[in-house]
1. Mind counting the residues in the range 103-121 that are buried (at least 16 other Cβ atoms within 10 Å of the Cβ) and in a helix (DSSP H, G or I)?
2. Just to be sure, is V308 of a type in the set (A, V, I, L, M) and closer than 30 Å to T410 by Cα?
3. Taking the criterion of being within 22 Å of T354 (Cβ to Cβ) and either aliphatic (A, V, I, L, M) or under 14 Å from the mean Cα position of the chain (by Cα) (or both), would at least one residue in the range 191-210 satisfy it?
4. Taking the range 342-361 as the region of interest, how many residues are farther than 22 Å from H305 by Cβ and modelled with pLDDT of 95 or more?
5. Counting only residues that are in contact (Cβ under 8 Å) with a residue 60 or more places away in the chain, give me the strands (runs of 3 or more DSSP E) lying completely in the range 315-396 with at least 2 of them.
6. Do we have A319 as over 21 Å from the mean Cα position of the chain (by Cα) and either within 21 Å of P306 (Cβ to Cβ) or in the same structural domain as L182 (by TED's automatic domain parsing) (or both) here?
7. What about F247, is it surrounded by fewer than 20 Cβ atoms within 10 Å (Cβ to Cβ), touching a Lys or Arg at 6+ places or on another chain (Cβ under 7 Å) and in the same structural domain as M192 (by TED's automatic domain parsing)?
8. In the range 208-233, which residues are assigned to a helix (DSSP H, G or I) and either surrounded by fewer than 17 Cβ atoms within 10 Å (Cβ to Cβ) or on the phi > 0 side of the Ramachandran plot (or both)?
Amino acid sequence: MSEWTIGEIEDPRREDQARSVGRGGGARDAEDHDSGNAASRIRQRHGGNEREFHGVGPSRRAHEPHRSMIDTWLPREERAACERRPLVTALCIFGGEFAALIALTALAVAQLPLVVNLIAALAAGMLIGTLFTVGHDAAHDTFTASRELNRWIARLAFVPSAHAVSLWQRFHNRTHHSWTNLRKHDYVWEPMSPAQYRALPPLRRALYRLCRGPFGSLPYHLGHMWWKRSFLPIAPEVRGELRKHAFDCTFVVAGWFAFGAACTFFGARLDPQRPLWATALLGWILPFLVANWVNGWVILLHHTHPSVPWFDDPREWMATNSSVTCTIHVTPPLLLDAISNNIMDHNAHHAAPTIPLYHLRPAQNRLRQHFAAAVHHVVLTPRSYLEIVSKCKLFDGERGQWTDFSGRPTGPVCISRAIETR
């Protein structure tokens, strides 16, 4: 195995500012191409020959596939087909899903039996999650061939879920994609170690237990991912970048409240007898909370499984292909799959983020054929979800396995397997 050494790291959570994820990670923004301020360098030695990776350009990170590596599992002809971005297809998906959301919102506030309003509100929340995947794709600059159009589609698609595009690109594209499942770097559902958990004060420990429970995705997503990393630039990593995020944050705050005002205004016309607070709850707040709950458990399932490791040692992490071994292919039930926009074909998305969502399925099938022994596949059922949540409480980096809150192992030793099957 190659020898990896990690150079000086001033602040691991800020080092990703000098890295890019390729064209799909907003890398064409000027700031993403600036590697001069990198806080660390990663070096690989092959018999005394040293190479430095600064991470500039498409997939220029040592642990992720270069374009030539993608060719090993996705032939160039198929890759070219998967990377096509027909405008008509993209606009039909975006327009159709936005129109469906408006229709469901109207049903949620119309003068109908309350049970019908509630079902429509829940369905609208699910569709906000679907529309969010369009924004996710456009924020990766892969939804259409136009960078400017992608930017505006992302902004509009993110309004119902109240996500600022620039913040999402900062934390998702340039942090999560660059450091998937590396602790102290990847912030998405990062598990504590048994020692960290034991050191928490009682209230923090109770909150952590809540978020790691079967109903914890809503408080976790709202408190850890949405409020300070996707809605407003509150997280410590972006407090010094206010000017960079000012426009997108202002746009999404104004857009989200305008969306809520429109729901309430037109809802009052459809059912004048209903109190305004109830109309706003059914047409705006409840669907928003459902979308956050859905986003929370979907993102959890992307990279959390008893056989999927989290790494403390960057050298061990660099020895894996996190797109394959630290990402799960989830097959949801038929109805959920139909509205998922292929977001659960997640290995292919991480391995080749230039592929738009409407071409992910054939790419995922190819990747699974090539990495058959390494890809973790889960058929999503209530039982499989509860099994993952019940077993994945803490991750013991020294032993390389998941544990319960008492530190008892709940899964296999998986760090060594991830390195062996990279």
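1. Qualifying residue count for the region: 9.
2. Numbers: of a type in the set (A, V, I, L, M): yes; closer than 30 Å to T410 by Cα: yes.
Answer is yes for this residue.
3. Going through the range 191-210, the residues within 22 Å of T354 (Cβ to Cβ) turn out to be none.
Within the range 191-210, none of the residues are within 22 Å of T354 (Cβ to Cβ) and either aliphatic (A, V, I, L, M) or under 14 Å from the mean Cα position of the chain (by Cα) (or both).
4. As a first pass, look at the range 342-361 and keep what is farther than 22 Å from H305 by Cβ: 354-359.
Now narrow it down to the ones that are modelled with pLDDT of 95 or more: 355-359.
Of the residues in the range 342-361, 5 are farther than 22 Å from H305 by Cβ and modelled with pLDDT of 95 or more.
5. Working: elements: 328-331, 376-379, 394-396.
Here the list reads 376-379, 394-396.
6. Details: over 21 Å from the mean Cα position of the chain (by Cα): yes; either within 21 Å of P306 (Cβ to Cβ) or in the same structural domain as L182 (by TED's automatic domain parsing) (or both): yes.
So A319 fits the description; yes.
7. Details: surrounded by fewer than 20 Cβ atoms within 10 Å (Cβ to Cβ): yes; touching a Lys or Arg at 6+ places or on another chain (Cβ under 7 Å): no; in the same structural domain as M192 (by TED's automatic domain parsing): yes.
For F247, the condition - surrounded by fewer than 20 Cβ atoms within 10 Å (Cβ to Cβ), touching a Lys or Arg at 6+ places or on another chain (Cβ under 7 Å) and in the same structural domain as M192 (by TED's automatic domain parsing) - is not met.
8. Pass one, the range 208-233, residues assigned to a helix (DSSP H, G or I): 208-211, 217-231.
R209, L210, P219, G223, W227, listed by residue number.
The values are calculated or read from the model by the stated rules, or taken from the named source; none is laboratory data. Model, not experiment: these values are computed from the prediction. Cβ coordinates were reconstructed from backbone atoms using ideal geometry, including for glycine residues, and neighbour counts include every protein chain displayed.
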